[in-house]
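Everything below concerns the one structure shown next.
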Amino acid sequence: MAKEKDMIVPFVEKQVKEGNISFGLSSFGYDIRLASEFKIFSPSEELVIDPKRIEESAFRNITTDAPVISANSFLLAKSLEYFKMPANVLGIVTGKSTYARCGLLVNVTPLEPGWEGFLTISISNTTPRPLKIYAGEGIAQVLFFESDQMCKVSYRDKKGKYQGQQDITISKI
């Protein structure tokens, strides 16, 4: 279905593993990759994090194939894949066990029916040591749930605030 409806572009039809953290089509989901664009969290000491008014200055933009996340910190990343969710499909993004075993957490997030765009991914390093991740390799798995009915109001219909995002997007209300 993903290929027929252009739900994921680019779409890798099989799981790729050789020397990589796996990505591509898996048994019951799709392992997504990271683009090489990141927003590294680096606030000033006095900054209070407020999801209603987070400041762009709390992040430093970098382009790299192997960013390092500081101890007990996080970054925002962009998926390499562009998603177009049909009005009868919900996606749930969850972390991969390879990274979880290193103390890295990927925020669980929904891909709502009707949403499209590049995914902004929040990645947390829960360890007291710096942690390296890799662009172009698997970071999370998307599980898809198909309904036999279209949703009544899609993300597109309600003109959701993250609809069509092209870049890493910080929280907004």
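Every number in this text was worked out from the coordinates using simple rules, so none of it is lab data. Bear in mind that the values here come from a model prediction, so they are computed numbers and not experimental data. Cβ: placed from backbone, ideal geometry, glycine included. Neighbour counts: every protein chain shown.
Listed values, structure above:
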quantity	calculated
Among residues of region 8-50, those that are of a type in the set (Ser, Thr, Tyr) and either in contact with a Cys (Cβ under 7 Å, 6 or more places away or on another chain) or not in a loop (DSSP other than H, G, I, E, B) (or both), counted	2
Region 52-82: number of residues that are in a strand (DSSP E or B), of a type in the set (D, E, K, R) and within 18 Å of GLN165 (Cα to Cα)	2
Any chance GLU4 is under 26 Å from TYR155 (Cα atoms), in contact with a Ser or Thr (Cβ under 8 Å, 6 or more places away or on another chain) and not in a helix (DSSP H, G or I)	no
Set ILE32, ILE40, ILE21: member being closer than 15 Å to ILE170 by Cβ, among the hydrophobic types (A, V, I, L, M, F, W, C), surrounded by 16 or more Cβ atoms within 10 Å (Cβ to Cβ) and in contact with a strand residue (DSSP E or B) (Cβ under 7 Å, 6 or more places away or on another chain)	ILE40
Enumeration of residues in region 143-173 that are of a type in the set (Val, Ile, Thr) and out of contact with any Ser or Thr (no Cβ under 9 Å at 6 or more places or on another chain)	VAL153, ILE173
